[in-house]
Protein chains: 2
Amino acid sequence: MPTALYSQQDRLLVAVDCIIFGFTGNELKALLVKRLFEPESGKWSLMGGFVKENESVEAAATRVLGQLTGLTDIYMEQLFCFGDVQRDPGGRVISVAFFALIKIDDYSEELMAEHYAGWFPLNKIPALVFDHKNMIKLAKQRLKEKAATHPIGFALLPRKFTLQQLQGLYEAIYETSLDKRNFIRKIHSLNILRKLDEKDKESSRKGAFYYVFDRDKYNQLDKEAIQFL
Amino acid sequence: MPTALYSQQDRLLVAVDCIIFGFTGNELKALLVKRLFEPESGKWSLMGGFVKENESVEAAATRVLGQLTGLTDIYMEQLFCFGDVQRDPGGRVISVAFFALIKIDDYSEELMAEHYAGWFPLNKIPALVFDHKNMIKLAKQRLKEKAATHPIGFALLPRKFTLQQLQGLYEAIYETSLDKRNFIRKIHSLNILRKLDEKDKESSRKGAFYYVFDRDKYNQLDKEAIQFL
DNA sequence: GCAAAAGTGTTTTGTCTACACCCATGA
DNA sequence: TCATGGGTGTAGACAAAACACTTTTGC
């Protein structure tokens, strides 16, 4: 019985918390839920849960994301382990934070109501339980770093999107405005988009061509070092 | 008694493991120890320990580093939480890995013997217990990323060093060779070094001037975005 | 005087930035 | 025909990369 080897050691509660980002076309938002149990019941919170004995930490995060969104195959990345002794007044809990990117339209109104969830613009995050605000801050920073060198922005956009949507996304992530021509030149030079014949006629009379992210083309690149911005 | 709130949840063993890097003048090395307890007693391992109930995860890492090196005030950074169910055959243990940089000369032979420790070049790491090899791999990668934008290399060099030592360090980190003139120009343009009057006469007849890292000058810069390479 | 490492500039190349007008279409 | 967003090119600034010879000094 191998566990006996470590029987003298303290055991801790281990949680996961998920920072879920979505993009509306104008701004980046985070998905928050009302906490329905003590302590701090009734306050806004990240979606989280405890890691079980027979479950890996990543599996716990996937499970929690699935519970809230009904989605599988979500872009998800481990962010940081928050391990302060006093971070949760309900007990000694260490929490591994994950950040996830979803296509905001995939998230149904029903699920939202069911979980008492809401989307909040990143600069209008309400008071949150524990250290969750720090988690969001760190996630935002990590998103910037990551999006600069890896094509993760596509996880936030619909399957087909216009170049202006893509640019708007990067502008939201970097909280800046970009020159249209320079941006498009840069993206095209990476050669990871495929232009469709179809146009989006929603937002202009002329219509803007849709593009899709071409995973095959991307996979041919050296995955570690493409430079978006 | 607030802990009762979460009493239904599983509790896990939580460990920390430290990847300790040092630099000899030619190559980057990692400090490993012989594991003296079961399971896998006798194999090489990272230095680690369990997180206690009343200790933060970072504090546990600092404690473990202090035990092995006798040093305080070590550069240390959280790397990643390894949470697979089967990663440790001795039980369900999740491990938060940290990477640390030390000046290799600060680490005494006596401590080394006492802990059955040894320095290993990064491309000659022996078989290690559990997932420790993955931890080193990830740490190496993180060191590259971090050193490109933050002046952490100084934590690996003696207080005073020559420009060739500094260049040698970056060459070791990036596993490449750099042009001497371009490198020096770049470093000088960052304006974070102070030249001493003293010369190192060990490695040449002419002698090379010593420099020190000037933390004051560095602190005046925008800490998030300097570009080394 | 010679071997061995230290120190020092210039040119070329490529990348990033700033900038403004015509196009296509539906109403 | 006009209002709206879509689409396109060029010139200048700046940073990165390539490249070789002279200096110092202990032996």
Within the range A:67-76, tally of residues that are surrounded by fewer than 18 Cβ atoms within 10 Å (Cβ to Cβ) and either modelled with pLDDT of 95 or more or in contact with a Cys (Cβ under 8 Å, 6 or more places away or on another chain) (or both) | 1
Count of residues meeting criterion [within 12 Å of DNA strand D (Cβ to nearest atom) and either surrounded by 12 or more Cβ atoms within 10 Å (Cβ to Cβ) or not assigned by TED's automatic domain parsing to the domain that holds residue B:170 (or both)] in the range B:201-214 = 4
Yes/no for residue A:126 being within 16 Å of DNA strand D (Cβ to nearest atom) and in a loop (DSSP other than H, G, I, E, B) | no
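Considering B:71, B:46, B:36, B:31, which residue is more than 7 Å from chain A (Cβ to nearest Cβ), free of Cβ contacts under 8 Å to residues at least 40 places away in the same chain and of a type in the set (A, V, I, L, M)?
Numbers: B:46 fails: free of Cβ contacts under 8 Å to residues at least 40 places away in the same chain; B:36 fails: free of Cβ contacts under 8 Å to residues at least 40 places away in the same chain; B:31 fails: free of Cβ contacts under 8 Å to residues at least 40 places away in the same chain.
Of the residues listed, the single one that is more than 7 Å from chain A (Cβ to nearest Cβ), free of Cβ contacts under 8 Å to residues at least 40 places away in the same chain and of a type in the set (A, V, I, L, M) is B:71.
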With the condition kept exactly as written, say whether any residue in the range A:161-180 is closer than 22 Å to residue A:18 by Cα, more than 14 Å from DNA strand C (Cβ to nearest atom) and touching a helix residue (DSSP H, G or I) at 6+ places or on another chain (Cβ under 7 Å).
-> yes
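Any idea which of B:140, B:217 is in a helix (DSSP H, G or I), within 14 Å of another protein chain (Cβ to nearest Cβ), surrounded by 13 or more Cβ atoms within 10 Å (Cβ to Cβ) and more than 13 Å from DNA strand C (Cβ to nearest atom)?
Numbers: B:217 fails: within 14 Å of another protein chain (Cβ to nearest Cβ).
That would be B:140, the only listed residue that is in a helix (DSSP H, G or I), within 14 Å of another protein chain (Cβ to nearest Cβ), surrounded by 13 or more Cβ atoms within 10 Å (Cβ to Cβ) and more than 13 Å from DNA strand C (Cβ to nearest atom).
Filter the range B:190-213 down to residues that are outside any strand (DSSP E or B) and either within 12 Å of DNA strand C (Cβ to nearest atom) or under 15 Å from residue B:158 (Cβ atoms) (or both), then give me how many there are.
Matching residues across the range B:190-213 total 7.
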Being exposed (fewer than 13 other Cβ atoms within 10 Å of the Cβ), touching a residue at least 40 places away in the same chain (Cβ under 8 Å) and either of a type in the set (Asp, Glu) or under 19 Å from residue A:156 (Cα atoms) (or both) is the filter here, so list the residues in the range A:89-137 that pass it.
-> A:105
Evaluate the range B:4-15: report whether one residue or more is under 29 Å from residue A:49 (Cα atoms), charged (D, E, K, R) and at the interface with another protein chain (Cβ under 9 Å from one of its Cβ atoms).
-> yes
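The values are calculated or read from the model by the stated rules, or taken from the named source; none is laboratory data. Since this is a predicted model, take the numbers as computed values, not measurements. Every residue, glycine among them, receives a Cβ derived from its backbone with ideal geometry; neighbour counts consider all protein chains shown.
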